[in-house]
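Below is one structure, written out as structure tokens; comments come after it.
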Amino acid sequence: MMMFAIPIRISLARHLGTLLATAALIGFVCFGFAATASAQPGDRGTLIVFADEQGAASTNAASLLPAPVLQRDDYPNIGVSSRSIVWVIAQMHLFFGALVLAVPIFVLVIEIIGFRTGDDRYDDMAHEFMKVSLTAYAITALFGGTLALALFLLYPHLMTYLMSAFGSQVLVYAGLFFLESMLLYIYYYGWNALRYGNRKWVHLTLGLLLNAVGTTLLVVANSWTTFMMAPSGFDAETGAIVGNIWEVMKGPLWNPLNLHRFIANIAFGGAVVGAYAAFRFLSAKSAAERAHYDWMGYTSNFIAILAFLPLPFAGYWLTAEIYAYSQQMGMLAMGGILAWLFVIQAVLIGAILLAGNYYLWTGMARSEGSARYRWAIKYIATVLILGFLVWVTPHNVIYTTAEAIKLGGRNHPVLGPLGIMPAKNIAVFLMLIGTFLSFQLYRRADKVITVSWQGWGNALMTSIYIVAVLNIIFAGVYYGYFTNTVYKVGSSVIQVMSTLVVIVVGVVIDSLMFRGARTLRVSWGRVTNRSQYALFALPIAFTWLMALMGYVRSSVRTHWHVYTVMRDNSADNFIPTLQTVGNMVTLVTLLFLAFLLFIFWIANLSGTRQLPITVDAASPGARVSA
Amino acid sequence: MSETTQPKKAGQITTWLVAILVALAAFYLMNHAVMSMQGLPLNWNLTPAQ
Amino acid sequence: MNVLVKTLLFSVTLVLAFGGVTYMLPQMEGPAPEQRVINIDDLTMESFIAIGENLYSGKGTCALCHNEFGRAPDMLAFNVTEVSLQRIADPSYEGSAIDAEGYLRESMLQPSAFVVAGFGTKGSNDSESPMSAIDKAPVQLSTLEIDAIIAFLQDKDGEPVSVPLPVAKAESIAAARALPSPAVPQSPEDVIARYGCAACHSILGSQATLGPDLNDIAARRSAAEIRESIANPAATAGDGFIVKMPEYPDMTIAELEMIVAYLTAAADDRT
């Protein structure tokens with residue numbers, strides 16, 4: 001294969017234009033397909049159309065498929081809890097789906113960085129990340145197929161109804177997978193063939209298209225989930241589907257879930273490849289290998305934490321939309337029987353932040369310039385730990401009467417107020433700011449800033465930190481405890497914005513201040529083995545958290561297959577105990593770990609080459625790792 | 001947070017004072033803007049106006 | 001130790017640690033909704049009100065928001081009939097109810113007809129209620145169930161029940177219990193009546209002298225002492241009273257607090 005030795009100069013604008021136009025075209029075609037493909041109501045027979053109070057066309061639903069009303073005996077029973085089977089398979093599919101959708105996103109970004117800087121290391125790392133993703137892709141498809149089979153076997157009526165809702169959109173989904181596979185294979189296997197010059201542009205375009213198709217797959221699948229939670233496009237009397245596919249897809253929770261899952265996937269993907277890097281680091285035989293995987297681990301952690309920071313805001317939007325759609329659903333999730341799950345979530349997020357920060361702090365040892373900032377670590381650690389403790393404090397605990405007397409009431413006099421949202425918000429936003437500070441200090445550790453206005457820049461940055469922290473505490477305490485509910489809820493937006501201001505201003509000021517900075521030596525590989533365990537803790541906590549929140553998302557429907565439309569009358573139509581939930585989540589996390597190890601091993605194996613067996617057998621059949 | 005040569009003490013204090021005031025003003029205005037946008041106006045002293 | 005083994009050990013331990021957290025927390029199971037068939041012919045007003053009370057904290061999901069945490073008016077804390085009449089008399093009231101029963105029914109079927117000040121959807125300036133219509137999904141109470149809840153709300157304050165008993169025959173209704181019933185405290189008077197305090201103590205019109213007079217107990221005992229006396233009567237018996245006060249192991253904390261708060265309030269503050 002001939003490759004261009006010298007990159008041919010073609011105008012940047014033309015390249016970019018071609019790239020974006022092609023991507024946009026195919027993206028729109030895919031999405032347009034998905035959005036419009038469905039049987040129109042007219043296809044289903046003669047209809048009488050009249051407007052209902054919402055002004056939307058309602059139909060004589062007798063000729064349409066109404067939502068099934070099931071009895072216990074209508075459900076197939078294969079001797080094992082159907083819910084448990086679907087739970088495990090679905091969660092495994094979601095884990096792997098998240099991974100294979102996320103990795104190409106940051107791989108493309110890293111590839112672009114490598115292309116812009118001309119540094120081969122970035123390109124090689126991107127290629128290596130894709131190797132991990134490719135193996136996972138097959139497993140994703142396998143779990144997807146198994147999930148479909150399990151659903152049709154165990155919940156045939158529900159699936160019939162959902163098929164009536166989504167129609168040929170599901171075939172579009174399948175078709176998108178053909179596209180995804182083709183793009184994925186060309187993108188990965190054609191990496192070295194499309195390495196330089198114009199061909200690199202083609203490769204980047206392929207990467208962009210891959211991500212466009214992947215994101216389309218994500219939003220299409222999300223519509224099934226959100227339809228079950230907050231259905232739209234149905235007739236209120238019978239549950240029959242009367243809207244077109246766009247009305248069915250675009251429910252109130254669709255875009256919040258799209259945003260949340262898109263960002264969370266990136267964080268999750270970064271964390272998983274970080275574990276890969278940590279594993280290879282610990283197994284490294286040479287200093288060069290250690291340096292390479294240390295750098296890869298740092299990059300992965302950077303991606304994971306960077307994507308993790310905006311996640312609470314996306315989650316907040318999702319929860320706010322749930323509340324707006326149905327107060328009952330919202331209250332159930334956070335104020336009712338599912339509320340304890342959010343205490344567990346607090347534990348996991350605390351673990352994630354501690355692990356991420358710990359990795360950054362130990363990583364500061366790579367550069368001599370970090371000694372300036374080491375004093376700050378203990379304060380950030382204190383904020384993180386205190387914040388975590390506040391965040392994990394519940395409001396209501398089941399006391400016996402004797403205990404209540406000792407307390408002097410229903411809630412603990414001191415800890416009780418820490419159990420409600422204002423305190424939680426203060427804690428979590430201070431934790432996020434602390435994490436961002438760790439980031440900033442790490443990025444400054446290997447630089448000596450030389451711009452003339454650094455006095456102003458640093459003063460402004462520090463002031464913004466101080467005022468933001470004070471603002472967050474003020475908003476939380478004053479509006480949280482001394483004003484009415486509406487202002488209390490509204491004040492959380494102040495806290496969000498304060499945190500965002502710190503992050504955005506921090507990034508902007510730093511990028512301006514780093515211009516012309518003198519870089520100190522960074523010794524990649526000069527980091528403790530202990531620090532790598534933080535890179536294991538991160539994906540483990542992420543995985544467990546993902547499974548937990550997936551359970552919440554499913555459980556918040558209570559005894560409905562499709563909320564308010566199709567009742568769940570199966571043997572599993574109750575909310576299981578926390579222990580049951582913990583067991584299932586632990587099970588799927590362990591399963592995922594097992595599969596991940598397999599994937600890492602395969603990725604490693606593919607680079608291994610056995611030496612031919614020679615007659616004078618000093619070391620017959622010795623194996624060499626590439 | 002920097003490794004420059006030390007500017008004059010008075011200049012430093014001015015810088016910091018201005019920086020703090022700018023930050024305070026920015027967040028004060030942001031508070032008003034954010035709460036107003038939600039239909040929850042504030043008084044000048046940041047107490048609820050409703 | 002082999003890197004793989006160390007990694008696995010660490011990972012599995014961490015996963016199990018997270019799983020272990022769920023074992024440390026209170027275990028609650030959400031019971032599956034059960035179908036209960038009510039035979040209308042057998043209904044008495046008492047059982048009808050009891051159905052309403054059950055629905056209030058169960059399928060109706062009222063207690064989820066109507067509690068002391070401030071999301072919705074805490075109907076168990078005030079006289080619903082009186083307050084309903086006040087709401088109708090409010091100059092900004094534009095609904096069509098003319099009595100308490102009508103107001104309650106309107107509040108359930110068209111919550112946005114009148115929104116109590118401060119409880120409206122954020123940004124709607126109290127013109128829109130966050131409550132969904134109770135006769136629609138997901139709550140979807142039938143007319144009979146709504147009537148039962150109104151009857152309960154009227155009765156709990158001692159007001160006359162204006163809702164007639166349902167008489168339609170050949171109509172079996174399933175009142176399914178959808179959510180677990182948290183311990184919803186009734187009014188203090190109800191709790192005191194339930195535990196029979198007036199049998200021995202002077203309270204709520206009783207003149208019994210088997211135990212200390214509770215009408216003015218706030219002047220003689222602190223809240224903590226009163227609480228202790230109820231929860232642990234054996235430890236605090238005294239003052240020359242012969243009859244031993246029984247224990248109440250089934251009393252919930254909410255009920256206990258309600259009694260203590262009621263007793264420590266000055267006599268003229270009691271509603």
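The values are calculated or read from the model by the stated rules, or taken from the named source; none is laboratory data. The model shown is predicted, which means the values in this text are computed figures rather than measured ones. Neighbour counts are summed over all protein chains in view; Cβ atoms, including those assigned to glycine, are modelled from backbone coordinates with ideal geometry.
Quick notes
Here's the yes/no breakdown for (1) free of Cβ contacts under 8 Å to residues at least 24 places away in the same chain; (2) small (G, A, S):
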| position | (1), (2) |
| --- | --- |
| A:L217 | no, no |
| A:V220 | no, no |
| A:G239 | no, yes |
| A:V242 | no, no |
| A:V248 | no, no |
| A:N255 | yes, no |
| A:R261 | no, no |
| A:A271 | no, yes |
| A:R290 | no, no |
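- So A:Q454, is it facing chain B (nearest Cβ under 10 Å) and within 31 Å of the chain's Cα centre (by Cα): no
- Residues in the stretch A:469-497 that are at pLDDT 95 or above and at the interface with chain B (Cβ under 7 Å from one of its Cβ atoms): A:N471 only.
- Restricting the stretch A:583-606 to residues that are touching a residue at least 40 places away in the same chain (Cβ under 8 Å) and among the small types (G, A, S), the residue that is farthest from the other protein chains (Cβ to nearest Cβ): A:S606
- The listed residue being assigned to a loop (DSSP other than H, G, I, E, B), closer than 22 Å to C:S142 by Cβ and not charged (D, E, K, R), out of C:A50, C:A32: C:A32
- For the stretch B:35-49, a residue qualifies if it is touching a Leu at 6+ places or on another chain (Cβ under 9 Å) and either at the interface with chain A (Cβ under 8 Å from one of its Cβ atoms) or in contact (Cβ under 8 Å) with a residue 24 or more places away in the chain (or both), and the qualifying residues are B:M35, B:P48.
- The single residue among A:V502, A:V486 that is in a helix (DSSP H, G or I) and free of Cβ contacts under 8 Å to residues at least 12 places away in the same chain turns out to be A:V486.
- All conditions in (1) under 27 Å from the mean Cα position of the chain (by Cα); (2) more than 9 Å from chain C (Cβ to nearest Cβ); (3) part of a helix (DSSP H, G or I) hold for A:T543, with the sole exception of (2).
- Yes/no for A:M296 being at the interface with chain C (Cβ under 10 Å from one of its Cβ atoms), assigned to a helix (DSSP H, G or I), surrounded by 19 or more Cβ atoms within 10 Å (Cβ to Cβ) and in contact (Cβ under 8 Å) with a residue 60 or more places away in the chain: no
- The criterion of being modelled with pLDDT under 95, out of contact with any Pro (no Cβ under 6 Å at 6 or more places or on another chain), buried (at least 24 other Cβ atoms within 10 Å of the Cβ) and assigned to a helix (DSSP H, G or I) holds for A:N301.
- Filtered residues of the stretch A:403-461 (kept if crowded, with 18+ Cβ neighbours inside 10 Å, among the acidic types (D, E) and in a helix (DSSP H, G or I)): none
- Scanning the stretch C:110-168 for residues that are modelled with pLDDT under 85 and outside any loop (DSSP other than H, G, I, E, B) gives no hits.
- Exclusive hit being assigned to a helix (DSSP H, G or I), away from every other protein chain (no Cβ under 13 Å), at pLDDT 75 or above and in contact with a helix residue (DSSP H, G or I) (Cβ under 8 Å, 6 or more places away or on another chain), set C:I192, C:I226: C:I192
Condition check ((1) touching a strand residue (DSSP E or B) at 6+ places or on another chain (Cβ under 8 Å); (2) at pLDDT 90 or above; (3) within 14 Å of chain C (Cβ to nearest Cβ)) across all residues:
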{"residue": "A:V383", "(1), (2), (3)": "no, yes, no"}
{"residue": "A:G387", "(1), (2), (3)": "no, yes, no"}
{"residue": "A:A402", "(1), (2), (3)": "no, no, yes"}
{"residue": "A:I405", "(1), (2), (3)": "no, no, yes"}
{"residue": "A:I420", "(1), (2), (3)": "no, no, yes"}
{"residue": "A:K424", "(1), (2), (3)": "no, no, no"}
